[in-house]
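Asks: Sharing a structure here in C-alpha coordinates format.
The values are calculated or read from the model by the stated rules, or taken from the named source; none is laboratory data. Remember, it's a predicted structure, so these values are computed and weren't measured experimentally. Cβ: placed from backbone, ideal geometry, glycine included. Neighbour counts: every protein chain shown.
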Amino acid sequence: MSRFDTILRLKAECLIWVCCFISSLAPVLMSAQVSVSAALDKNELLIGDQTGLHVFVRYPKEASIDKVDLSGLRTVPEIEVLNTESLENKGDAGTLLLEKHLTITSFDSGYYFIPPVYVTYTLNGATKTDSTNELGLKITPLPVYQDSLRLMPIKDIIEEPKKIQDYWFWLLVLGIIGLLVLIIALANKRKDKIKEVGPIRIVPAHEQALERLQHLEHRKLWQQGQIKDYHTELTHIFREYLEKRYQIQALESTTDEILTQLQKAELEKSWQEKLRYILQTVDLVKFAKAQPPSSFHGEAMENVRAFIQHTKEEEASV
(Lines give C-alpha, C1' and ligand atoms only; values in the text may rest on other atoms or scores of the structure.)
Protein backbone atom coordinates (compact mmCIF):
# COMPACT_ATOMS: atom_id res chain seq x y z
CA MET A 1 0.00 0.00 0.00
CA SER A 2 1.36 3.37 -0.94
CA ARG A 3 1.73 6.28 1.42
CA PHE A 4 -1.10 8.15 -0.33
CA ASP A 5 -3.52 5.33 0.29
CA THR A 6 -2.54 5.19 3.93
CA ILE A 7 -3.26 8.91 4.40
CA LEU A 8 -6.68 8.58 2.73
CA ARG A 9 -7.63 5.66 5.01
CA LEU A 10 -6.66 7.62 8.14
CA LYS A 11 -8.69 10.65 7.04
CA ALA A 12 -11.74 8.46 6.36
CA GLU A 13 -11.53 6.90 9.80
CA CYS A 14 -11.26 10.32 11.45
CA LEU A 15 -14.28 11.56 9.49
CA ILE A 16 -16.28 8.54 10.62
CA TRP A 17 -15.39 9.16 14.27
CA VAL A 18 -16.31 12.83 13.99
CA CYS A 19 -19.70 11.99 12.45
CA CYS A 20 -20.40 9.47 15.19
CA PHE A 21 -19.51 12.04 17.87
CA ILE A 22 -21.72 14.73 16.31
CA SER A 23 -24.64 12.33 15.95
CA SER A 24 -24.33 11.38 19.62
CA LEU A 25 -24.46 15.07 20.60
CA ALA A 26 -27.44 15.89 18.35
CA PRO A 27 -30.19 15.11 20.94
CA VAL A 28 -28.37 17.18 23.55
CA LEU A 29 -27.94 20.09 21.15
CA MET A 30 -31.58 19.88 20.06
CA SER A 31 -32.83 19.75 23.65
CA ALA A 32 -30.97 22.94 24.44
CA GLN A 33 -32.76 24.88 21.69
CA VAL A 34 -36.28 26.38 21.27
CA SER A 35 -38.23 25.28 18.24
CA VAL A 36 -41.46 26.93 17.01
CA SER A 37 -43.83 25.53 14.37
CA ALA A 38 -47.41 25.90 13.12
CA ALA A 39 -49.83 23.67 11.22
CA LEU A 40 -53.41 23.68 9.84
CA ASP A 41 -55.89 20.84 10.05
CA LYS A 42 -57.12 21.67 6.52
CA ASN A 43 -55.54 23.95 3.93
CA GLU A 44 -58.74 24.35 1.89
CA LEU A 45 -62.19 25.27 3.20
CA LEU A 46 -65.63 26.19 1.93
CA ILE A 47 -66.92 29.63 2.92
CA GLY A 48 -68.07 29.54 6.55
CA ASP A 49 -66.35 26.25 7.42
CA GLN A 50 -63.90 26.04 10.30
CA THR A 51 -60.44 24.56 10.73
CA GLY A 52 -57.84 24.30 13.47
CA LEU A 53 -54.61 26.31 13.58
CA HIS A 54 -52.00 24.80 15.93
CA VAL A 55 -48.87 26.52 17.26
CA PHE A 56 -46.21 24.30 18.90
CA VAL A 57 -43.36 25.65 21.05
CA ARG A 58 -40.82 23.06 22.21
CA TYR A 59 -38.29 24.40 24.73
CA PRO A 60 -35.91 23.12 27.41
CA LYS A 61 -36.65 23.36 31.10
CA GLU A 62 -34.03 26.08 31.46
CA ALA A 63 -36.02 28.38 29.14
CA SER A 64 -39.16 30.38 29.94
CA ILE A 65 -41.80 31.47 27.41
CA ASP A 66 -42.51 35.18 27.83
CA LYS A 67 -45.12 35.75 25.11
CA VAL A 68 -46.88 34.04 22.22
CA ASP A 69 -47.97 36.93 20.00
CA LEU A 70 -51.13 36.13 17.99
CA SER A 71 -51.77 39.73 17.01
CA GLY A 72 -50.39 39.12 13.52
CA LEU A 73 -53.56 37.16 12.70
CA ARG A 74 -55.54 40.41 12.90
CA THR A 75 -53.64 41.77 9.91
CA VAL A 76 -55.67 39.47 7.66
CA PRO A 77 -59.26 40.80 8.04
CA GLU A 78 -60.72 37.96 5.94
CA ILE A 79 -59.69 35.40 8.60
CA GLU A 80 -61.59 35.31 11.89
CA VAL A 81 -60.34 33.65 15.10
CA LEU A 82 -63.27 32.03 16.90
CA ASN A 83 -61.59 30.67 20.04
CA THR A 84 -58.18 29.89 21.53
CA GLU A 85 -57.04 27.09 23.84
CA SER A 86 -53.62 26.69 25.52
CA LEU A 87 -52.04 23.43 26.67
CA GLU A 88 -48.64 22.72 28.21
CA ASN A 89 -47.11 19.29 28.85
CA LYS A 90 -43.81 17.44 28.85
CA GLY A 91 -42.22 16.49 25.58
CA ASP A 92 -39.56 13.92 24.82
CA ALA A 93 -35.88 14.15 25.81
CA GLY A 94 -36.76 16.19 28.93
CA THR A 95 -38.22 19.16 27.02
CA LEU A 96 -41.49 21.01 27.53
CA LEU A 97 -44.16 21.51 24.91
CA LEU A 98 -46.50 24.52 24.77
CA GLU A 99 -49.49 24.21 22.42
CA LYS A 100 -51.86 26.93 21.18
CA HIS A 101 -54.97 25.59 19.44
CA LEU A 102 -57.05 28.15 17.52
CA THR A 103 -60.27 27.73 15.56
CA ILE A 104 -60.43 29.97 12.47
CA THR A 105 -62.93 30.57 9.68
CA SER A 106 -63.51 32.88 6.73
CA PHE A 107 -66.48 34.19 4.77
CA ASP A 108 -64.55 35.58 1.80
CA SER A 109 -63.30 33.31 -0.97
CA GLY A 110 -59.66 33.54 -2.02
CA TYR A 111 -56.16 32.42 -1.08
CA TYR A 112 -54.73 33.90 2.10
CA PHE A 113 -51.41 33.69 3.88
CA ILE A 114 -51.52 33.20 7.64
CA PRO A 115 -48.75 35.39 9.06
CA PRO A 116 -46.11 33.93 11.40
CA VAL A 117 -46.73 33.74 15.13
CA TYR A 118 -43.86 35.30 17.11
CA VAL A 119 -42.71 33.64 20.33
CA THR A 120 -40.54 35.52 22.83
CA TYR A 121 -38.54 33.43 25.32
CA THR A 122 -35.62 33.72 27.72
CA LEU A 123 -32.77 31.18 27.67
CA ASN A 124 -29.47 31.40 29.54
CA GLY A 125 -30.20 34.98 30.54
CA ALA A 126 -30.80 36.13 26.97
CA THR A 127 -34.21 37.12 25.55
CA LYS A 128 -34.87 35.98 22.02
CA THR A 129 -37.75 35.91 19.54
CA ASP A 130 -38.57 33.14 17.09
CA SER A 131 -41.49 32.73 14.65
CA THR A 132 -43.51 29.97 13.07
CA ASN A 133 -43.61 29.15 9.41
CA GLU A 134 -46.04 31.00 7.12
CA LEU A 135 -49.14 28.98 6.12
CA GLY A 136 -51.50 29.21 3.17
CA LEU A 137 -55.28 28.83 3.37
CA LYS A 138 -57.62 28.57 0.39
CA ILE A 139 -61.29 29.55 0.80
CA THR A 140 -63.53 28.32 -2.00
CA PRO A 141 -67.08 29.56 -2.63
CA LEU A 142 -70.13 27.33 -2.39
CA PRO A 143 -70.76 25.33 -5.56
CA VAL A 144 -73.33 26.79 -7.94
CA TYR A 145 -75.33 24.30 -10.00
CA GLN A 146 -75.77 25.06 -13.69
CA ASP A 147 -79.30 23.68 -13.68
CA SER A 148 -81.44 26.65 -12.64
CA LEU A 149 -84.39 24.35 -12.01
CA ARG A 150 -82.57 22.44 -9.30
CA LEU A 151 -84.00 23.22 -5.88
CA MET A 152 -81.96 23.19 -2.73
CA PRO A 153 -83.28 20.92 0.03
CA ILE A 154 -85.60 22.57 2.57
CA LYS A 155 -83.99 22.97 5.97
CA ASP A 156 -85.92 22.56 9.19
CA ILE A 157 -86.85 25.66 11.13
CA ILE A 158 -84.68 26.12 14.17
CA GLU A 159 -86.98 27.14 16.99
CA GLU A 160 -85.70 28.81 20.11
CA PRO A 161 -86.91 27.41 23.45
CA LYS A 162 -90.18 28.84 24.74
CA LYS A 163 -90.11 31.27 27.65
CA ILE A 164 -92.80 32.55 29.97
CA GLN A 165 -92.62 35.95 28.22
CA ASP A 166 -93.93 34.30 25.03
CA TYR A 167 -97.28 33.63 26.73
CA TRP A 168 -97.75 36.91 28.59
CA PHE A 169 -100.61 38.09 26.32
CA TRP A 170 -102.71 34.94 26.84
CA LEU A 171 -101.95 34.94 30.57
CA LEU A 172 -103.18 38.54 30.75
CA VAL A 173 -106.38 37.64 28.87
CA LEU A 174 -107.03 34.66 31.15
CA GLY A 175 -106.39 36.83 34.23
CA ILE A 176 -108.88 39.49 33.07
CA ILE A 177 -111.53 36.86 32.28
CA GLY A 178 -111.04 35.21 35.67
CA LEU A 179 -111.34 38.57 37.43
CA LEU A 180 -114.58 39.41 35.59
CA VAL A 181 -116.06 36.01 36.44
CA LEU A 182 -115.16 36.50 40.11
CA ILE A 183 -116.71 39.99 40.21
CA ILE A 184 -119.94 38.75 38.58
CA ALA A 185 -120.15 35.78 40.95
CA LEU A 186 -119.66 37.98 44.03
CA ALA A 187 -122.25 40.49 42.77
CA ASN A 188 -124.85 37.76 42.19
CA LYS A 189 -124.12 36.25 45.59
CA ARG A 190 -124.54 39.62 47.26
CA LYS A 191 -127.79 40.25 45.37
CA ASP A 192 -129.18 36.84 46.37
CA LYS A 193 -128.20 37.44 49.98
CA ILE A 194 -129.95 40.81 50.02
CA LYS A 195 -133.08 39.20 48.55
CA GLU A 196 -133.03 36.43 51.17
CA VAL A 197 -132.49 38.73 54.16
CA GLY A 198 -135.04 41.37 53.25
CA PRO A 199 -135.73 44.40 55.48
CA ILE A 200 -134.34 44.25 59.02
CA ARG A 201 -136.70 45.22 61.84
CA ILE A 202 -135.15 46.89 64.88
CA VAL A 203 -136.77 45.48 68.02
CA PRO A 204 -138.08 48.33 70.23
CA ALA A 205 -136.64 48.82 73.71
CA HIS A 206 -139.84 47.83 75.49
CA GLU A 207 -140.08 44.49 73.64
CA GLN A 208 -136.50 43.66 74.53
CA ALA A 209 -137.09 44.57 78.18
CA LEU A 210 -140.39 42.63 78.48
CA GLU A 211 -138.81 39.56 76.90
CA ARG A 212 -135.90 39.66 79.33
CA LEU A 213 -138.28 40.15 82.28
CA GLN A 214 -140.20 37.06 81.24
CA HIS A 215 -136.98 35.09 80.99
CA LEU A 216 -135.91 36.29 84.46
CA GLU A 217 -139.31 35.35 85.90
CA HIS A 218 -139.03 31.81 84.51
CA ARG A 219 -135.63 31.30 86.15
CA LYS A 220 -137.23 31.68 89.65
CA LEU A 221 -134.11 33.07 91.27
CA TRP A 222 -135.65 34.60 94.39
CA GLN A 223 -137.70 31.42 95.00
CA GLN A 224 -134.33 29.58 95.20
CA GLY A 225 -132.85 32.04 97.67
CA GLN A 226 -130.83 34.03 95.10
CA ILE A 227 -132.51 37.32 96.06
CA LYS A 228 -129.56 39.63 95.38
CA ASP A 229 -128.94 38.10 91.95
CA TYR A 230 -132.63 38.44 91.14
CA HIS A 231 -132.84 42.14 92.01
CA THR A 232 -129.44 42.91 90.40
CA GLU A 233 -130.63 41.57 87.05
CA LEU A 234 -134.07 43.18 87.46
CA THR A 235 -132.42 46.56 88.05
CA HIS A 236 -130.10 46.12 85.08
CA ILE A 237 -133.04 45.34 82.76
CA PHE A 238 -134.96 48.35 84.04
CA ARG A 239 -132.01 50.78 83.78
CA GLU A 240 -131.14 49.53 80.30
CA TYR A 241 -134.75 50.19 79.21
CA LEU A 242 -134.62 53.72 80.61
CA GLU A 243 -131.34 54.39 78.78
CA LYS A 244 -132.67 53.19 75.40
CA ARG A 245 -136.14 54.71 75.84
CA TYR A 246 -135.13 58.17 77.03
CA GLN A 247 -131.50 58.35 75.78
CA ILE A 248 -130.05 58.93 79.23
CA GLN A 249 -127.10 57.39 81.06
CA ALA A 250 -129.05 55.16 83.40
CA LEU A 251 -126.68 52.21 83.81
CA GLU A 252 -123.93 54.26 85.47
CA SER A 253 -126.15 56.82 87.29
CA THR A 254 -127.69 56.90 90.76
CA THR A 255 -131.41 56.97 91.37
CA ASP A 256 -131.43 60.75 91.95
CA GLU A 257 -129.38 61.34 88.81
CA ILE A 258 -131.81 59.24 86.79
CA LEU A 259 -134.82 61.16 88.10
CA THR A 260 -133.08 64.46 87.35
CA GLN A 261 -132.45 63.38 83.74
CA LEU A 262 -136.07 62.17 83.36
CA GLN A 263 -137.52 65.57 84.32
CA LYS A 264 -136.86 66.70 80.75
CA ALA A 265 -138.80 63.70 79.39
CA GLU A 266 -142.15 65.09 80.66
CA LEU A 267 -142.84 61.92 82.64
CA GLU A 268 -145.97 62.04 84.80
CA LYS A 269 -145.34 62.85 88.47
CA SER A 270 -147.18 59.74 89.62
CA TRP A 271 -144.87 57.58 87.57
CA GLN A 272 -141.88 59.57 88.75
CA GLU A 273 -142.76 58.64 92.33
CA LYS A 274 -143.31 54.99 91.37
CA LEU A 275 -139.97 55.03 89.58
CA ARG A 276 -138.26 56.43 92.69
CA TYR A 277 -139.92 53.77 94.85
CA ILE A 278 -138.92 50.92 92.53
CA LEU A 279 -135.27 51.99 92.25
CA GLN A 280 -134.81 52.80 95.94
CA THR A 281 -136.36 49.57 97.24
CA VAL A 282 -134.34 47.48 94.84
CA ASP A 283 -131.15 49.34 95.89
CA LEU A 284 -131.94 48.50 99.53
CA VAL A 285 -132.10 44.82 98.72
CA LYS A 286 -128.89 44.94 96.65
CA PHE A 287 -126.66 47.09 98.84
CA ALA A 288 -128.23 47.14 102.34
CA LYS A 289 -129.02 43.42 102.30
CA ALA A 290 -132.60 44.14 103.36
CA GLN A 291 -134.95 41.18 103.78
CA PRO A 292 -138.31 42.29 102.38
CA PRO A 293 -141.33 39.96 102.46
CA SER A 294 -141.65 37.41 99.66
CA SER A 295 -144.53 39.35 98.14
CA PHE A 296 -142.16 42.29 97.48
CA HIS A 297 -140.18 40.40 94.81
CA GLY A 298 -143.21 39.73 92.64
CA GLU A 299 -144.49 43.28 93.16
CA ALA A 300 -141.13 44.71 92.03
CA MET A 301 -141.35 42.68 88.84
CA GLU A 302 -144.93 43.81 88.20
CA ASN A 303 -144.11 47.47 88.89
CA VAL A 304 -141.23 47.39 86.40
CA ARG A 305 -143.41 45.64 83.82
CA ALA A 306 -146.24 48.13 84.33
CA PHE A 307 -143.86 51.10 83.97
CA ILE A 308 -142.51 49.69 80.71
CA GLN A 309 -146.02 49.02 79.36
CA HIS A 310 -147.10 52.57 80.20
CA THR A 311 -144.07 54.34 78.70
CA LYS A 312 -143.42 52.15 75.64
CA GLU A 313 -143.13 53.54 72.10
CA GLU A 314 -145.63 52.07 69.70
CA GLU A 315 -143.73 52.66 66.45
CA ALA A 316 -141.03 50.14 65.49
CA SER A 317 -138.10 51.18 63.33
CA VAL A 318 -137.21 49.22 60.18
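Asks: Given the conditions (1) at pLDDT 80 or above; (2) of a type outside the set (Gly, Ala, Ser); (3) in contact with a helix residue (DSSP H, G or I) (Cβ under 9 Å, 6 or more places away or on another chain), which single one is not true for His218?
Replies: Result: His218 fails condition (3) only.
Asks: Restricted to region 208-252, and to residues that are touching an Asp or Glu at 6+ places or on another chain (Cβ under 9 Å) and of a type in the set (S, T, N, Q), which residue is surrounded by the most Cβ atoms within 10 Å (Cβ to Cβ)?
Replies: So, considering only residues that are touching an Asp or Glu at 6+ places or on another chain (Cβ under 9 Å) and of a type in the set (S, T, N, Q), the one surrounded by the most Cβ atoms within 10 Å (Cβ to Cβ) is Thr235.
Asks: How many of the residues in region 74-84 are surrounded by 11 or more Cβ atoms within 10 Å (Cβ to Cβ) and either of a type outside the set (Ser, Thr, Tyr) or part of a loop (DSSP other than H, G, I, E, B) (or both)?
Replies: Result for region 74-84: 6.
Asks: I would also like to ask the following. Looking only at residues in region 41-63 that are in contact with a Gly (Cβ under 7 Å, 6 or more places away or on another chain) and surrounded by fewer than 17 Cβ atoms within 10 Å (Cβ to Cβ), which one is modelled with the lowest pLDDT?
Replies: Lys61
Asks: In the set Thr232, Thr254, Thr281, which member is out of contact with any Cys (no Cβ under 7 Å at 6 or more places or on another chain), among the hydroxyl-bearing types (Ser, Thr, Tyr) and modelled with pLDDT under 80?
Replies: On inspection, the qualifying residue turns out to be Thr281.
Asks: Looking only at region 81-98, which residues are in contact with a helix residue (DSSP H, G or I) (Cβ under 9 Å, 6 or more places away or on another chain) and either among the hydroxyl-bearing types (Ser, Thr, Tyr) or at pLDDT 85 or above (or both)?
Replies: Val81, Thr95
Asks: Yes or no: region 141-163 includes at least one residue that is surrounded by 10 or more Cβ atoms within 10 Å (Cβ to Cβ), modelled with pLDDT of 80 or more and either touching a strand residue (DSSP E or B) at 6+ places or on another chain (Cβ under 6 Å) or not polar (S, T, N, Q) (or both).
Replies: The answer is yes; a qualifying residue exists.
Asks: Give the residue, chosen from Glu44, Glu99, Glu78, that is touching a Leu at 6+ places or on another chain (Cβ under 6 Å) and among the acidic types (Asp, Glu).
Replies: Glu99
Asks: For region 85-112, give me each residue that is in a strand (DSSP E or B), over 15 Å from His54 (Cα atoms) and in contact (Cβ under 8 Å) with a residue 12 or more places away in the chain.
Replies: Leu96, Ser106, Gly110, Tyr111, Tyr112, listed by residue number.
Asks: Now, a different point. With the condition kept exactly as written, say whether any residue in region 269-289 is touching an Asp or Glu at 6+ places or on another chain (Cβ under 7 Å) and free of Cβ contacts under 8 Å to residues at least 60 places away in the same chain.
Replies: Within region 269-289, none of the residues are touching an Asp or Glu at 6+ places or on another chain (Cβ under 7 Å) and free of Cβ contacts under 8 Å to residues at least 60 places away in the same chain.
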